[in-house]
Amino acid sequence: MTTVPPPPDILSPEFAAAPYPAYRVLRDHYPLHHHAGTDSYLLSRYADVARAFKDPVFTSDNYSWQLEPAHGGRTLPQMSGAEHAVRRALVAPAFRGRALRERFQPLIERNSRELLDAFRDSEEADLVAQFATRLPINVIVDMLGLDRADHDLFHGWYGAVVGFLTNLAQAPEVAAAGLAARDGLAAYLRPVIRQRRAAPGDDLLSELCAAEVEGTRMSDRDITAFVSLLLSAGGETTDKAIALTVRNLLAHPAQLAAVRADRSLAPMAFAETLRYSPPLQMIMRQPSADVTVDGGTIPAGATVTCLIGSAHRDERHYADPDTFDIFRTDLTASTAFSAAAGHVAFGLGRHFCVGALLAKAEVETGVNQLLDAFGEMRFADGTAPPESGVFARGPEELRVRFTAG
């Protein structure tokens, strides 16, 4: 007689230490599970998670309490309908196509090179603290045309806001730090916004101040909230993506050698990292009506926790899902950074991440410059560092020893 294991607790230390075996228990035995600690319904199978991102019955109304307090205003992820379409049209052009290639790719390359220069002649570095957590925030500050001397200030705000957003246990001191960071960022930005409205420059902040679609322009509060979103969403996921991509390649030397020899494989290394070890492990949704999925019915108005990390290990969707393989045939780089992606790391449908191509540019640039700078890279202590985190997940440090290229 087969014994069914109990449902895992996603707030437990055991889950934080090893979520992937717990995800399998959920997929196999509890595809829909009400988790009392978060008062949310967990979805763990790929088909159900993908549906929650695409089916309009699953709204993002939950962001009114999850995101808005941290950002100080309504942001793109919580909008819908015409409001969402107009606001997305206001900001999306800066993160794709010619604007990304010609205006922001040079900033990415410069910031990556400057960070590498700080340890280029060293034998060892922590690629999390010295590179991955710095690159996306430094790039965003430069994109906005803000003072480069304030990189550290923005890094502190970013960490506090992310702490607020990932505070599943509702620790009061973490929440307070996030709200203080929100206020500090807004106070910093308000006079700069006034200045850019009066005398716009060639930067993203000036562009946001001047942008207009169908008679709609962004208010000061809209802009400060968007910058806060950009720092948290663009920083947290990208810094972990850089560290995880490097870690996964170092843990698979043959695949690292393949990428080193053929840099066109770098996008697939990132795409497979998003599948195998997604930086963002879960996203919430809120259905506007009762919804029936595998395992039962979700009541209207409930919070739904979509377990991306579980969906990406679902053998119902991927072959050999627990294996990191940049050559797998059930995931392609050509669509991995678009709304037609074969994974759910950036969401799907109308709320597909507006910054996906920016993240791709940052991860690929960082990985390629690391490979150019160092002819040999290996884990400093010989083993891959563990991941940590529940809502967002990645290595706390990535100590690497290297030989200059």
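To keep it simple, each residue is scored yes or no on (1) under 24 Å from Met79 (Cβ atoms); (2) not hydroxyl-bearing (Ser, Thr, Tyr).
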position	(1), (2)
His155	no, yes
Thr166	yes, no
Val174	no, yes
Ala181	yes, yes
Asp202	no, yes
Thr216	yes, no
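Using the structure shown, decide if Ala149 is without any contact (Cβ under 8 Å) to a residue 12 or more places away in the chain and in a helix (DSSP H, G or I). Can you show your working first?
Values: without any contact (Cβ under 8 Å) to a residue 12 or more places away in the chain: yes; in a helix (DSSP H, G or I): yes.
Here the answer is yes, as Ala149 does meet what is asked.
So in segment 1-56, with the set limited to residues that are among the β-branched types (Val, Ile, Thr) and out of contact with any His (no Cβ under 7 Å at 6 or more places or on another chain), which one is surrounded by the fewest Cβ atoms within 10 Å (Cβ to Cβ)? Give the derivation first.
Filtering segment 1-56 for residues among the β-branched types (Val, Ile, Thr) gives 2-4, 10, 25, 38, 49.
Now restrict to residues that are out of contact with any His (no Cβ under 7 Å at 6 or more places or on another chain): 2-3, 25, 38, 49.
Values: Thr2: 3, Thr3: 5, Val25: 17, Thr38: 18, Val49: 29.
Per the stated criteria, the residue is Thr2.
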What pairs can you find where one residue is in segment 363-385 and farther than 14 Å from Ser122 by Cα, the other is aliphatic (A, V, I, L, M) and open to solvent by 40 Å² or more (accessible area, probe 1.4 Å), and their Cβ atoms are less than 7 Å apart, with a gap of 6+ or different chains? Ala384/Ala251
Do we have Ser232 as within 25 Å of Ala85 (Cα to Cα), at pLDDT 90 or above and small (Gly, Ala, Ser) here? no
In segment 381-398, what count of residues is obtained for those that are under 16 Å from His252 (Cα atoms) and either modelled with pLDDT under 95 or surrounded by fewer than 17 Cβ atoms within 10 Å (Cβ to Cβ) (or both)? 5
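Could you list, in sequence order, the residues of segment 30-70 that are among the charged types (D, E, K, R) and farther than 20 Å from Ser80 by Cβ? Even if it seems obvious, please write down each step before you answer.
Within segment 30-70, the subset among the charged types (D, E, K, R) is 39, 45, 48, 51, 54-55, 61, 68.
If the condition is that a residue be among the charged types (D, E, K, R) and farther than 20 Å from Ser80 by Cβ, then Asp39, Arg45, Asp48 are the ones that fit.
Considering only segment 66-75, state which residues are open to solvent by 30 Å² or more (accessible area, probe 1.4 Å) and either among the acidic types (Asp, Glu) or under 19 Å from Gln281 (Cα atoms) (or both). Walk me through it before giving the result.
Going residue by residue through segment 66-75, those that are open to solvent by 30 Å² or more (accessible area, probe 1.4 Å) are 68-69, 74.
Answer for segment 66-75, where residues must be open to solvent by 30 Å² or more (accessible area, probe 1.4 Å) and either among the acidic types (Asp, Glu) or under 19 Å from Gln281 (Cα atoms) (or both): just Glu68.
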Identify, from the list Val227, Val213, Val291, Val259, the residue that is open to solvent by 10 Å² or more (accessible area, probe 1.4 Å) and in contact (Cβ under 8 Å) with a residue 24 or more places away in the chain. Val213
Tyr318, sole failed condition from (1) assigned to a loop (DSSP other than H, G, I, E, B); (2) farther than 25 Å from Val227 by Cβ; (3) touching a residue at least 40 places away in the same chain (Cβ under 8 Å); (4) open to solvent by 20 Å² or more (accessible area, probe 1.4 Å): (4)
Name the residues in segment 143-188 that are buried (at least 20 other Cβ atoms within 10 Å of the Cβ) and either under 29 Å from Glu102 (Cβ atoms) or among the hydroxyl-bearing types (Ser, Thr, Tyr) (or both), would you? Met143, Leu144, Leu146, Phe154, Trp157, Tyr158, Thr166, Leu185
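Which helices (runs of 4 or more DSSP H) does segment 19-106 wholly contain that include 2 or more residues that are closer than 18 Å to Leu205 by Cα and in contact with a Leu (Cβ under 9 Å, 6 or more places away or on another chain)?
Details: elements: 19-29, 46-54, 63-66, 68-71, 81-91.
Correct list: 81-91.
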Looking only at segment 295-309, which residues are touching a Lys or Arg at 6+ places or on another chain (Cβ under 6 Å) and open to solvent by 10 Å² or more (accessible area, probe 1.4 Å)? none
Return a yes/no flag: does segment 110-123 have any residue that is buried (at least 19 other Cβ atoms within 10 Å of the Cβ) and free of Cβ contacts under 8 Å to residues at least 24 places away in the same chain. yes
Taking the criterion of being of a type in the set (S, T, N, Q), more than 24 Å from Gly37 (Cα to Cα) and part of a helix (DSSP H, G or I), would at least one residue in segment 301-310 satisfy it? no
Write out, first by first residue and then by second, each pair whose Cβ atoms fall under 6 Å of each other, whose residues are 6+ apart or on separate chains, and whose first residue, in segment 153-181, is hydroxyl-bearing (Ser, Thr, Tyr) while the second is modelled with pLDDT under 85. Tyr158/Leu231; Tyr158/Gly235
For Pro278, work out the one condition from (1) open to solvent by 20 Å² or more (accessible area, probe 1.4 Å); (2) within 19 Å of Gly347 (Cβ to Cβ) it doesn't fulfil. (1)
What residue, among those in segment 353-380 that are in contact with a helix residue (DSSP H, G or I) (Cβ under 8 Å, 6 or more places away or on another chain) and charged (D, E, K, R), is surrounded by the fewest Cβ atoms within 10 Å (Cβ to Cβ)? Arg378
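The values are calculated or read from the model by the stated rules, or taken from the named source; none is laboratory data. Owing to the predicted nature of the structure, the values given are computational and were not obtained by experimental measurement. So basically every Cβ, Gly included, is an ideal-geometry build from the backbone, and we count neighbours across all protein chains shown. Surface areas here come from the heavy atoms of the whole protein model, side chains and all, with no ligands, DNA or RNA. Shrake-Rupley method; radii C 1.70, N 1.55, O 1.52, S 1.80 Å.
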